[in-house]
């Protein structure tokens, strides 16, 4: 790994931080988000061996580049009111985590 990062951390809200090992990332999919909100046109799904992590937002190309380089350290939700301040940086409106290692696929 380029920077020796062992985990990718996800911050779906101000009170939770969940990390998954880089070694468990099986694949990802960047695709259009089919939701009603035109401000969140993209969906990035990261498939780990123990969970699926779905990011919804905009300008995810840079996130994909960081994944290729093993340089994505953390991802946090940013309130829509502040999305315009990010200029060309990725904006994450929501993070949904579905654990695969719990019976029933309970979400984190």
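Coordinate-derived values only; no laboratory data. Note that the coordinates shown come from a computational prediction; the quantities given were computed from them, not determined experimentally. Please note: Cβ atoms are built from the backbone with ideal geometry, for glycine as well, and neighbour counts cover all protein chains shown.
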Would you please put 8-20, 41-53 in order of how densely packed they are, using the mean number of other Cβ atoms within 10 angstrom per residue and starting with the highest?
41-53, 8-20
Under a crude label model (7 Å from the Cα following the beta-carbon direction), how far is residue 54 from residue 69 in nanometres?
2.9 nm
